[in-house]
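A short reminder: the numbers here are calculations on the coordinates, not readings from a lab. For clarity, every value in this text was computed on a predicted model and none was experimentally measured. For neighbour counting, all protein chains shown are included, and Cβ atoms are generated from backbone atoms with ideal geometry for every residue, glycine included.
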Amino acid sequence: MPDKEPIGVIGVGWVGLVTAACFAELGHEVWARDIIPEKVESLSRGEVPIHEPGLAELVTKNAERLHFTTDMAATVSNAQLLFCCVDTPPTYSGDADLSRVEAVLAELGDSKDHALVMKSTVPVGTGRSIKRRKPDIGYVSAPEFLKEGSAVDDFMNPDRVVIGANGGSEGFADRVERLYSPLGGVMVRTDVASAEMVKLASNAFLATKISFINEIANVSEDLGADVREVARGMGLDDRIGPKFLQAGIGYGGSCFPKDVQALKQLAGNTGYHFQLLTAVIEVNELQKRRTIGKLQKHLGSLVGKEIALLGVAFKPNTDDIREATSLVLAGRLQGEGAHVRVYDPVATDRAAELLGGATVTASALEAIDGADAVVLVTEWPEFRELDWAGEVKGRLRNPVVVDGRNFLDREALREAGFTYEGIGR
Ligand code: UGA
C-alpha cells in the first residue's frame, strides 16, 4: 500500500470536516461527501460554517486535496476507506438515532474492496449488526475523541488511537492504523465491540468525574472547604489526575449528555440498571439549577429581576450551544419570573433562536447594564478582562456575581464590593 491513500469522508459535520481537513493536511486526497448541496458549495468556496480554531486555515491550505461533493458514487470510486462521520443524535427514548448511518448503508454496496470506518458514536453492537447485513464490506470501528474548541490539535496529537476490527477486516484496520501512525498516539488495536465501548465508557467516565467533583463542591460549600484546593490535592495523585476536576454549573455539549444517556439506555435494554450513570445525569441536572438558589439568597424573589448571563456556548472556543447549561438556566430564570439578557462572543445568533423571551445583547456590558445580578456561565477569556471594579460595578443595580466556573478573581471582586458566589468555595 502506498504511504498516502485516498480517503472518503461521509457526512461533513463537525467530526467529518475536522477529519477531512486533517487527513488532507497529512497529504491524503480526501473526498468529503455530504447530502446538503449548499454546504458542499460553500465548503468548496473555502467557507467553513463552524467556529473551530485552526480549521478554516487547514481547509484553505489544503483546498487542492479536499474534494467536497454530494456524489456518493464518486466518493466510493475514488476511495476505499470510507469514514462514516454522520451524526447519531438521541431519540426521545435516549437511544441513539441511527437513521443517518442506515441511510449511508443503503447507498453503499457490499464490495470487498471497501471498508466502512465508523467514526460516528454508535451503540455497542452496531458493527456486528452491520456486518451481518453486509458480510463482504470491511468494517472498522475508529471512535473519535476530539474536543470541540481544540479538535484540530486533538486530531494531530492523539493520546491514543482506538481501532477495532474483527476477522476479515484486519487488513483494512492495518491501513487505518497507517493513516494515524504519523501522529504518534498509542495504538489500541482491539475487536469492534470493545472499540465501540471504549468510546461510550470514556465519555461516561469523564462525565462521572465532573458530577463527582460537582457534588464535592456542593458539600464543600456547607463544610467550608474550597473545591479548587480539594481538586488540586486530589489531582496530584496520578491514579486520579488533575483533568476534568473543575467544578462548575454542569456539563453540556453534544457528546456527554447524549453518550451518558446512551450508555445507560444500552445497559437498560439488556436488563441492567446502570445506577452510577443515573446519578451522574441527575447530579448534572440539579447542578444547572443550583444557581437559582444562589441568586435568590441575595435577591429574594426573582420576579421582575434582570439577570445577565455571560456566555451561551456550552464551553469556550466554540459556537455550539447544544445542551448548553445556559439554555436550562435561562429557561428556569424565566420560569421564576426574571428577565434574562445573554451575551456570547460567538454563539449569539443561535442563542436568539433558542432563548425565546431573553434579550440577546451585542456586548457583555450591554447585558450587564442595569442588571440585578451577573451569572458567568461560560469561561470565555474576555469576561475576565472586563473592568469589573469600574464599568461593570457602575452599571449593575446590585453588585451580585455568580461565577459558574470559578473563573473570576474572587478576592479582587470582593475587595471591589461585589457579593461573589462561586461553586464549592
Ligand atoms: C467530549 C470529550 O471530551 C471528547 O473526548 C469527545 O470526543 C467528545 O466529547 C465527543 O464525544 O465528541 P466536548 O463535548 O467537545 O468533548 O467537550 P469537553 O471539553 O469534554 O467538555 C464537556 C463539558 O464538560 C463542557 O460543558 C465543560 O464545561 C464541562 N467540564 C469539563 C466541566 O464542567 N468540568 C471539567 O473539569 C471539564
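A few points about this structure:
- Length released on extending from Arg128 to Lys147, taking residue separation times 0.36 nm less the Cα-Cα span: 4.1 nm
- Point-to-point label distance, Glu336-Ala63, nm (Cα→Cβ direction, 7 Å offset): 5.1 nm
- Distance from region 9-79 to region 327-345 (C-alpha centre basis), Å: 37 Å
- Label-to-label distance for Ala74 and Glu391 is 4.9 nm, based on points extended 7 Å past Cα in the beta-carbon direction.
- Dividing the helix sum by the residues of the chain, where each DSSP H run of 4 or more adds -39500 (n - 2.57), gives a mean residue ellipticity at 222 nm of -13000 deg cm²/dmol.
- FRET efficiency for the Asp226 to Glu282 pair, using the beta carbon distance and R₀ = 25 Å, is estimated at 0.50.
- Given charges at beta-carbon only (K, R positive; D, E negative), |dipole| of the chain in Debye: 920 debye
- As computed over region 7-190, the Cα convex hull volume per residue (Å³): 115 Å³
- Packing-based ranking, highest mean first, of 394-405, 306-317, 66-77 given that Cβ atoms within 10 Å are counted: 306-317, 394-405, 66-77
- Alpha carbon centroid spacing (whole Å) that separates region 252-303 from region 195-224: 11 Å
- FRET efficiency estimate (nearest 0.05) - Cβ-Cβ, Lys297 to Asp159, R0 41 angstrom: 0.50
- The chain: DSSP helices with Cα axial extent of at least 24 Å and average Kyte-Doolittle hydropathy no lower than -1.0: 192-223, 275-299
- With the convex hull drawn around the C-alpha atoms of the chain, the volume per residue stands at 150 Å³.
- Entries in Lys258/Lys315; Lys131/Lys209; Lys199/Lys243; Lys294/Lys393 that, when Cα-Cα distance is taken, lie over 23 Å: Lys131/Lys209
- Potential lengthening of the chain between Arg45 and Asp238 amounts to 64.8 nm, from the contour at 0.36 nm per residue minus the alpha-carbon distance.
- GluC sites (Glu not before Pro) lying in DSSP loop within region 52-134, provided at most 12 other Cβ fall within 10 Å: Glu64
- Here is the list for region 61-134: trypsin sites (Lys or Arg not before Pro) lying in DSSP coil, each with at most 13 other C-beta atoms within 10 angstrom of its C-beta, are Lys112.
- Length released on extending from Ala416 to Arg189, taking residue separation times 0.36 nm less the Cα-Cα span: 76.1 nm
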